[in-house]
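Visitor: Quick one: the structure is below, and I'll ask about it shortly.
The values are calculated or read from the model by the stated rules, or taken from the named source; none is laboratory data. Note that the structure is predicted; figures quoted are calculated from it, not measured. Counting neighbours? That spans all protein chains shown, and the Cβs are built from the backbone with ideal geometry, glycine included.
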Amino acid sequence: MIDVLIIGAGGAGLTAALSAKDVGASVLVVGKAYPTNAQTSMAQGGMNAALGNVEKDSIDAHIADTIKSANGLCDEERVKQMCHAAPDAIAWLDSIGVPFSRIETDKIGSDTIAQRKMGGASSKRACYAQDYTGLKILHTLYDTCLKHDIDFLEEQYLLSLVVEDKIIKGATFLDIRSGEVKQIDAKSVIVATGGYSGLYHGYTTNMYGVSGDGIAAVLRAGGAVSDMEFVQFHPTALKNSSILISESARGEGGYLVNTKGERFIDELKPRDIVARAIYEQFSQGENVFLDVRHLGVEKLMELLPQEVALCKLHENVDPSKELIPIKPVAHYSMGGIDVNAIMQVEGIEGCFAVGECSNAKVHGANRLGGNSLLEITTFGKIAGQQAHAYASINTISKSNDTQLLQDQAYIQNLYAQTGSLNFYGQRDKLGKLFYEKVGIVRDNDSLNYAIDEVIAMQENLVRMGIEDKSLTNNTNLTDFLEFSNVLLLSSTIVSAAIARDESRGAHYKTGFESIDDTKFKNHIVFQWEQPQGETA
């Protein structure tokens with residue numbers, strides 16, 4: 001039996017795999033897609049570490065910035081743990097070959113890792129590789145996993161966690177290529193499947209498939225989720241396509257201007273503040289643009305080549321000569337699977353979660369830019385080590401096939417189900433609903449309208465189905481499964497937003513514009529018992 005089964009092949013999963021392998025575990029990484037296609041590649045701007053390579057900085061300052069951005073809703077001990085680990089994390093990534101951008105120092109013949117300033121930071125702290133930071137880290141981690149002979153199994157869609165008596169036994173998967181439903185047994189499981197901001201379909205920087213599959217599976221299996229109401233909106237996505245334009249563009253000196261050419265906000269304030277400022281401009285009938293023309297062609301191509309290419313491809317705009325039309329869209333989910341200090345899922349023994357799918361309570365109400373890549377690296381190592389430790393000291397018996405049989409029956413029923421309501425239309429409707437009613441600025445009337453709409457969609461799920469009855473490579477089937485998951489999670493997001501009658505970080509509610517520590521300096525947690533096998 002496998003010691004450590006890792007579900008998800010992004011930066012968090014790959015780091016956990018290397019960590020577990022390094023301490024002697026047998027490891028299998030299972031992913032819905034291929035590792036180099038993970039959402040980690042979309043983290044462009046950089047990874048925070050208080051190195052002080054460019055200007056004076058300190059770990060204490062990094063800690064203070066993170067806590068301030070979190071608006072009082074983080075676990076300060078975990079924040080300290082993450083920030084203290086950051087310099088070693090950068091050194092480790094550098095040692096395995098991540099091609100960080102460099103600057104020449106005053107020491108002849110030496111160079112050092114370059115750093116830039118990102119929103120909410122008190123100094124230039126983000127280590128970067130041009131504007132491809134996440135992509136370069138992801139590829140390097142994958143190459144390193146291959147060098148260490150870590151096993152991979154791709155194109156496997158997670159259906160359920162196999163849990164017996166609140167102890168993890170493995171997971172069930174749909175083999176996308178063959179259509180087979182299979183079970184993989186393991187002594188421990190790490191969920192690293194990414195966040196849920198993809199439910200803002202059409203209004204998100206996230207790629208297709210970021211549908212909270214692991215979070216939904218944990219919730220169905222009896223685990224807990226927390227802080228689901230906190231979704232970060234990135235201030236600068238391309239207006240027409242919602243493609244991300246990295247914060248590095250503002251970190252390198254880009255301006256935000258309205259139709260009149262006026263700057264209306266300090267561009268490097270925390271993301272929630274900048275996003276609301278842009279929203280306010282929209283409400284006044286203004287359009288908003290990112291202006292990087294003054295940086296010049298040479299600097300743009302040296303530091304921001306991806307942003308230049310994206311603007312030309314998706315917006316037909318040359319950033320060196322023209323303003324870039326932008327809008328804020330959903331980008332990152334601060335909430336997720338509730339985990340303890342060793343990344344173990346609350347409510348399921350032997351199950352761990354790491355990365356954006358988990359709530360390690362370091363981001364609180366608003367993630368500090370540059371901390372996402374840091375989180376997956378520092379806590380990915382901890383998850384790998386702790387999963388191996390659990391597998392080593394606990395006697396794990398082989399599971400029965402109850403969950404497998406239930407999931408096989410569920411998929412068979414989907415093939416037999418006749419859908420009178422097109423779920424693709426419902427997916428678009430849900431994305432628009434959340435952007436307008438559960439978005440940058442919220443109010444209870446809109447949230448109550450949203451929850452009614454979500455409940456109606458959930459009730460109508462039995463009227464939806466798949467048209468493609470092919471067994472092999474059936475994307476219609478996986479799209480439906482993803483929609484089912486975001487629909488499940490959407491009710492937790494809206495319910496938590498309704499319950500939080502205050503404004504804190506990314507959750508801003510009109511009528512309750514102040515932080516209320518007396519009532520709401522706490523994490524809203526959802527957990528329920530549900531029979532295994534009810535996949536949708």
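Visitor: Within segment 53-62, can one find any residue that is modelled with pLDDT of 95 or more, closer than 13 Å to Lys117 by Cβ, surrounded by 23 or more Cβ atoms within 10 Å (Cβ to Cβ) and not assigned by TED's automatic domain parsing to the domain that holds Ser392?
Guide: yes
Visitor: Follow-up question, since we're still on this one. From the list Glu356, Glu322, Glu307, Glu286, pick out the single residue that is among the acidic types (Asp, Glu), buried (at least 18 other Cβ atoms within 10 Å of the Cβ) and in a loop (DSSP other than H, G, I, E, B). Steps first, please.
Guide: On the way: Glu322 fails: buried (at least 18 other Cβ atoms within 10 Å of the Cβ); Glu307 fails: in a loop (DSSP other than H, G, I, E, B); Glu286 fails: buried (at least 18 other Cβ atoms within 10 Å of the Cβ).
Of Glu356, Glu322, Glu307, Glu286, the one residue that is among the acidic types (Asp, Glu), buried (at least 18 other Cβ atoms within 10 Å of the Cβ) and in a loop (DSSP other than H, G, I, E, B) is Glu356.
Visitor: Within segment 308-324, can you find the residues that are farther than 16 Å from His294 by Cβ and of a type in the set (A, V, I, L, M, F, W, C)? Walk me through it before giving the result.
Guide: Taking segment 308-324 and keeping what is farther than 16 Å from His294 by Cβ, we get 309-310, 312-316.
Ala309, Leu310, Leu313, listed by residue number.
Visitor: Out of segment 355-403, which residues are over 12 Å from the mean Cα position of the chain (by Cα), among the basic types (Lys, Arg) and closer than 19 Å to Met47 by Cα? Break it down stepwise before answering.
Guide: Here is the first cut: in segment 355-403, the ones over 12 Å from the mean Cα position of the chain (by Cα) are 360-362, 364-366, 368-370, 374, 377-403.
Still in the running and among the basic types (Lys, Arg): 361, 381, 398.
Across segment 355-403, the qualifying residues are Lys361, Lys381.
Visitor: Hand me the list of helices (runs of 4 or more DSSP H) wholly inside segment 48-148 holding 3 or more residues that are over 29 Å from Asn522 (Cα atoms) and among the aliphatic types (A, V, I, L, M).
Guide: Where helices (runs of 4 or more DSSP H) fall fully within segment 48-148 and carry at least 3 residues being over 29 Å from Asn522 (Cα atoms) and among the aliphatic types (A, V, I, L, M), they are 76-95, 133-147.
Visitor: Something else about it: For the subset of segment 360-401 comprising residues that are among the charged types (D, E, K, R) and in a helix (DSSP H, G or I), which member is nearest to Met334 (Cα to Cα)?
Guide: Residues of segment 360-401 that are among the charged types (D, E, K, R), as a first pass: 361, 367, 375, 381, 398, 401.
This time we only want the ones that are in a helix (DSSP H, G or I), so: 375, 381.
On the way: Glu375: 12, Lys381: 20 Å.
Among residues in segment 360-401 that are among the charged types (D, E, K, R) and in a helix (DSSP H, G or I), the one nearest to Met334 (Cα to Cα) is Glu375.
Visitor: Hey, another quick one. Out of Gly214, Gly202, Gly179, which single residue is closer than 29 Å to Gly45 by Cβ, part of a loop (DSSP other than H, G, I, E, B) and assigned by TED's automatic domain parsing to the domain that holds Ile396? Even if it seems obvious, please write down each step before you answer.
Guide: On the way: Gly214 fails: part of a loop (DSSP other than H, G, I, E, B); Gly179 fails: closer than 29 Å to Gly45 by Cβ.
The match here is Gly202.
Visitor: A follow-up question, please. Are there any pairs, at least 6 apart or on different chains, whose C-beta atoms fall under 6 Å, with the first in segment 135-152 and loosely packed, with under 13 Cβ neighbours inside 10 Å and the second part of a helix (DSSP H, G or I), and if so, which?
Guide: Filtered contacts from segment 135-152: His148/Lys21.
Visitor: Check Asp75, Asp88, Asp94 and return the single one that is out of contact with any Leu (no Cβ under 6 Å at 6 or more places or on another chain), in contact (Cβ under 8 Å) with a residue 24 or more places away in the chain and among the acidic types (Asp, Glu).
Guide: Going through Asp75, Asp88, Asp94 in turn, just one is out of contact with any Leu (no Cβ under 6 Å at 6 or more places or on another chain), in contact (Cβ under 8 Å) with a residue 24 or more places away in the chain and among the acidic types (Asp, Glu): Asp75.
Visitor: Among the listed residues Ile265, Ile273, Ile278, identify the single one that is outside any helix (DSSP H, G or I) and either closer than 30 Å to His523 by Cβ or touching a Gly at 6+ places or on another chain (Cβ under 8 Å) (or both).
Guide: Exactly one residue qualifies, and that residue is Ile265.
Visitor: Another question, if that's okay. Count, please, the residues in segment 497-522 that happen to be among the hydrophobic types (A, V, I, L, M, F, W, C), in a helix (DSSP H, G or I) and surrounded by fewer than 22 Cβ atoms within 10 Å (Cβ to Cβ).
Guide: 3
Visitor: A further question follows. Got a sec? Which of Asp75, Asp88, Asp106 is modelled with pLDDT of 95 or more and over 27 Å from Asp227 (Cβ atoms)?
Guide: From the options Asp75, Asp88, Asp106, the qualifying one is Asp88.
Visitor: Starting from segment 410-429, keep only residues that are more than 14 Å from Ser484 (Cβ to Cβ) and at pLDDT 95 or above, then list their pairs with residues that are polar (S, T, N, Q) and surrounded by 14 or more Cβ atoms within 10 Å (Cβ to Cβ) whose Cβ atoms are within a distance under 8 Å, requiring at least 6 positions of separation or different chains.
Guide: From segment 410-429, no pairs qualify.
Visitor: At pLDDT 95 or above, among the aromatic types (Phe, Trp, Tyr), assigned to a helix (DSSP H, G or I) and within 23 Å of the chain's Cα centre (by Cα): does that describe Tyr449?
Guide: Against the criterion (at pLDDT 95 or above, among the aromatic types (Phe, Trp, Tyr), assigned to a helix (DSSP H, G or I) and within 23 Å of the chain's Cα centre (by Cα)), Tyr449 does not qualify.
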